[in-house]
Structure formats: C-alpha cells, structure tokens
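S.K.: One structure, pasted below without further comment.
The values are calculated or read from the model by the stated rules, or taken from the named source; none is laboratory data. Being a predicted model, the structure only gives us computed values, none of them experimental. Positions of Cβ are generated from backbone atoms using ideal geometry, with glycine treated the same way; all protein chains shown enter the neighbour counts.
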Amino acid sequence: MAVPKSRTSKARKHSRFANWKISTPAIVECPRCHEPKLAHRACKKCGYYDGKDVLALEKEEKKQAK
C-alpha cells in the first residue's frame, strides 16, 4: 500500500485548490443590432452570426403561424 513519506503541510494542501475559480462569460456587442451577446453565439435578438442571418427560419415560422 502506498503511504506518504511525510505529512503534507496546510499551505501545500490548500494551494492545490486555490485555482478553482469561475470565470465571467465573454460578453460582446452584436455588430448588427449592438445588443450585448455571448461571444461565438448567435444574437438572440436579431439572429445574426458570422455575417449570416442564422435564426431567420424561426422568425419566418412565427410570422406564418400568425
């Protein structure tokens, strides 16, 4: 059985868990409607991503349903 040769100090033990931080989400401005949005995701307001209208199909379906 593996047995530690010496006791691990409190500083060494606690330093292992010191870098478990949560990071803030990357919020950027939409180039089309200038609303805040998450980076690398389509805008929820206008459906624009990477120069294309990627959520246009859902908007057209809602218009046809009315």
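S.K.: For the range 23-38, give me each residue that is assigned to a loop (DSSP other than H, G, I, E, B), under 19 Å from residue 56 (Cα atoms) and not charged (D, E, K, R).
M.R.: Within the range 23-38, 30, 31, 33, 34 qualify.
S.K.: Can you say whether residue 38 is surrounded by 11 or more Cβ atoms within 10 Å (Cβ to Cβ), of a type outside the set (Phe, Trp, Tyr) and at pLDDT below 90, as far as the supplied structure shows?
M.R.: So residue 38 does not fit the description; no.
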